[in-house]
Amino acid sequence: MRKLRSRSKAVRLTAATVLCLGAAGAAYAATGTSQFVGPAGNITSCLPPRGGQVHIWLPGHHCSGGWAQLNWGAVGATGPAGATGATGPVNPSANTVNGQTISKFMLKVPTPGSGTTTSTLYSANGLTILAECDSSGNASLVANGPSSNDSELTVSGESNGGTFGSQTNNLGASSNATLGPAASGHSSFAYASSSGTVLTGSIGYQKASSFATYAGCAFFGDLISG
């Protein structure tokens, strides 16, 4: 009877050993005791009700007397992919955000010996913005609309220590609407055409000499259309 009992309890391990065995149960078979590994790669063990040594059994054994059955097996299949995470913040250098196009720019216009030097700062969506620098080094911005004379332009900002504002209800091709007094300043504007095009912008303009070393006027800012 004692011989039969000793054969029925094949292996005894401490709980700490079992934890290691659970991490790689199949490796246990490599020690020469592969008879304890079932056909599916599983290993059967029983844990005493009050803890203690864990007993490893031959395949097919069922724990009794309040002992808890613990089975280990081969690594399971990979689970399904998790849900997509929340969208991260928008890259501040992006060109398109929520269907709107952002254009950033910086333009330098040289101071002429006489008269005014004019460069096109923006021309699209029926709106043209000209950057000008006169022989005195004053910077200015001028806006013209499409040939239909059926667009609107609202302007506000600050220049030369004061604020300004204007509105043009019939902006056309030859309107020459200023975006602020000549010299230096900052202008914010909103433009709308009869076809539904909307454009907003924020432009800084600086009289010569700009950037301390450049003998001309400077223009910088961003335009948003969409």
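The values are calculated or read from the model by the stated rules, or taken from the named source; none is laboratory data. Remember, predicted model here, so these are calculated numbers, not experimental data. Glycine also receives a Cβ, built like all others from the backbone with ideal geometry; neighbour counts cover every protein chain displayed.
Quick rundown of the values:
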{"quantity": "Test: residue in region 148-157 that is out of contact with any Ser or Thr (no Cβ under 6 Å at 6 or more places or on another chain), surrounded by fewer than 19 Cβ atoms within 10 Å (Cβ to Cβ), farther than 20 Å from Ile224 by Cα and not β-branched (Val, Ile, Thr)", "calculated": "yes"}
{"quantity": "Residue list for region 98-115, restricted to those being outside any strand (DSSP E or B) and at negative phi", "calculated": "Thr111, Pro112, Gly113, Ser114"}
{"quantity": "Pairs with Cβ under 6 Å, 6+ apart, first in region 119-130 and closer than 15 Å to Asn149 by Cα, second surrounded by fewer than 22 Cβ atoms within 10 Å (Cβ to Cβ)", "calculated": "Asn125/Thr197; Asn125/Ser225; Gly126/Pro146; Gly126/Ser193; Thr128/Asn144"}
{"quantity": "Positions within region 212-223 being exposed (fewer than 15 other Cβ atoms within 10 Å of the Cβ) and either part of a strand (DSSP E or B) or in contact (Cβ under 8 Å) with a residue 12 or more places away in the chain (or both), in sequence order", "calculated": "Ala215, Asp222"}
{"quantity": "Filter pass, Phe189 being within 18 Å of Thr116 (Cα to Cα), in contact (Cβ under 8 Å) with a residue 40 or more places away in the chain and part of a strand (DSSP E or B)", "calculated": "no"}
{"quantity": "Any hit, region 189-199, residues being under 31 Å from the mean Cα position of the chain (by Cα), modelled with pLDDT under 95 and crowded, with 21+ Cβ neighbours inside 10 Å", "calculated": "yes"}
{"quantity": "Of all residues in region 200-211 being surrounded by 18 or more Cβ atoms within 10 Å (Cβ to Cβ) and in a loop (DSSP other than H, G, I, E, B), the one that is farthest from the chain's Cα centre (by Cα)", "calculated": "Ala208"}
{"quantity": "Filtered residue count, region 116-169, keeping only those that are in a strand (DSSP E or B) and either outside the structural domain of Ser209 (by TED's automatic domain parsing) or farther than 29 Å from Ser194 by Cβ (or both)", "calculated": "9"}
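Yes/no per residue for (1) outside any helix (DSSP H, G or I); (2) modelled with pLDDT of 60 or more; (3) of a type in the set (Val, Ile, Thr):
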residue	(1), (2), (3)
Arg12	yes, no, no
Thr17	no, no, yes
Leu21	no, no, no
Ala26	no, no, no
Pro39	yes, yes, no
Pro59	yes, yes, no
